[in-house]
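Let me begin by presenting the structure, written as structure tokens, before commenting on it.
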Amino acid sequence: MRKLTLLLLICLSTTTFGQKIIKGSITFRSSQNIYVMFENTEGIQVGDTLFSEVKGWLVPVLLVKSFSSTSCLCVALSKLKMDETAFIQAKIPVVEEALPVHQTADELEATKSVNADAIGAVLQGKKVKKLQPQFDGRLSLTSYSNLTGVNSNQRFRYNLSFNAQNIDSSAFSAESYLSFSHRLGEWKGITDALKVYSLAVNYHSGNHAVTLGRKINLNMANIGAVDGLQYEYTRKALTFGLMGGSRPDYYTYGLNPDLLQFGAFVSHHVQMDKGDMQTSLALFNQMNQFKTDRRFAYLQHSNALLKNLNVFASAEVDFYTLVNLQPTSTFDLTSAYVSLRYKPFSNLSLSLSYDARKNIYYYETFKNQIDSIIDRETRQGLRFNFNYRPFKKIVWGGNAGYRSKKSDRTPSVNANTYLSYMELPWINAYGTLDLTYLKTSYLNGMVYGASLSKELFDGKVYGELKYRLVNYDYTNSSSTLRQNIAECSLSWRMAKKLMLSVDFEGTMESIGNSARVYLNLTRRF
């Protein structure tokens, strides 16, 4: 299935020692690093984990190696695929502002009383103040140049996103995320170039919410985008939802009324002193030309009830299959995922995950097993991550993974470790040494790397130099892969909401040299 852009616009606020989530976006990715741009990085620290939206939940995907006032240099924590349109989020602490020292006891008591009245009014569904309109958006222009001799090409991408909440102080909101991309000298038509990942209007009043258009529902995000009508009703800790419409076309991501779908979900979310707990169950039926394509249930659970321990688990069960071309009911576990994140100390974080997925067959859309396997590659494996800060300016981290497929003769093993030092003497830069090991049924080798990054011109410019040595041997032949890769990148904050990024990466090897140039201009409004 075509990869779906993960869209999430979330703003959370909590009381003292709580967290809020700030949104950023991937501006560039190399073979080792991923660059994430935020409006500002206040509250983000080296060693922090960044998240992306997967099946309705924030999943840890990146680890911050260094940061400037508006961007972060990160390494991937997992094999999760993310393209340049993915939204990345950071959880940063929120400290409640202290009351003025001159406030009297009577004033303090009055403040508590007003707060209590406001909270009580909200719980009773009363309107304590006029809805406040909010709007944010982003326009970006991106150029990708791949310079490899006769195979050189130039690609352009233009992204526009906006989120308008409580338009004109009403209960109506709207959101959109559009992407237009094409190669220089190559035009396949507007349906191939223009992708609408989100375009919807929402009406929210009291316990009821109605959405019309294309939107990913966070309670059923594994379904992907829904083109149609969605309804939600919230009562205390329970949320009930219904949705009906169609799926985006698999090849053009445009409207396709033949791919009808409908479903329902129930979600339970409670907040307690020790943490949050959420459980949701969804039932869905998908069709192709009015014939059942897939019928399944999705269950997910997340909790942070134990101190310093976060648990996430999800599963999908299919209820429909074909036996001798006849529809038959079944109970087949087609997806299972479990993740544990534990932080025993403030300077040490650990995570362990297990991912087991079987192939999912769409009996009308994909006529045979081969097409389905090609469309969804089976992923199975165990992954461990750690991040440790033994001293204030030193960070040590790494990850190790084990993957096994029936098609492979031997399992694949990979491991990565890095050591970073903040504020190197004399140059006041951020330095990192890293080492990657990879062993598969056809390849075995190492990657050695080193990088230096530094803020320039009072934080308005952020630069990085990086070098990697690739040393791989192919186990099925005498062939080897030897590469020297050099990279230079600059990010210039031209104005408060205007950013220009430039990145050059060159690869030198015996069969020839190649280079890639990335340019991005982003304007927020």
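How much accessible area per residue does segment 179-293 have, in Å², with a 1.4 Å probe?
I get 53 Å² per residue for segment 179-293.
Relative to one another, the C-alpha centroids of segment 193-238 and segment 311-345 are positioned 24 Å apart. When the residues 504, 331 are ordered by accessible surface, computed with a 1.4 Å probe over the protein chains alone, the sequence from largest down reads 331, 504. In the complete set of protein chains, residue-level accessible area for residue 510 is approximately 120 Å², probe 1.4 angstrom.
List the trypsin sites (Lys or Arg not before Pro) within segment 464-525 that fall in a DSSP loop (any state other than H, G, I, E or B) and whose Cβ has at most 11 other Cβ atoms within 10 Å.
Working: sites: 466, 468, 482, 493, 496, 497, 516, 523, 524; in loops: 496, 497.
Here the trypsin sites (Lys or Arg not before Pro) that fit, given the DSSP loop and packing criteria, are 496.
In sequence order, segment 459-471 has phi-based couplings of x, 6, 10, 10, x, 8, 10, 9, 9, 9, 10, 9, 9 Hz under the Karplus curve 6.51 cos²θ - 1.76 cosθ + 1.60, θ = phi - 60°, and Gly or Pro positions carry x.
GluC sites (Glu not before Pro), restricted to segment 423-511: which are DSSP loop and have at most 13 other Cβ atoms within 10 Å?
Sparse-neighbourhood loop GluC sites (Glu not before Pro): 423.
Share of carbon and sulfur in the accessible area of segment 416-525 stands at 64%, probe radius 1.4 Å.
Think of segment 223-320 as a dipole: +1 on every Lys or Arg Cβ, -1 on every Asp or Glu Cβ, centred on the Cα centre; then among 245, 266, 284, 266 lies furthest on the positive end. Using a cut-off of 27 Å between Cα atoms, the listed pairs 392/497; 23/215; 215/343 include 392/497; 215/343 as exceeding that distance. The order of 354, 462 by accessible area, most exposed first and with a 1.4 Å probe, is 354, 462.
The values are calculated or read from the model by the stated rules, or taken from the named source; none is laboratory data. Computed from a prediction, not measured in an experiment: that's the story for all the values here. In this analysis, Cβ positions are derived from the backbone assuming ideal geometry, glycine residues included, and neighbour counts consider all displayed protein chains. Note: areas computed on protein heavy atoms with side chains; ligands, DNA, RNA excluded. Shrake-Rupley method; radii C 1.70, N 1.55, O 1.52, S 1.80 Å.
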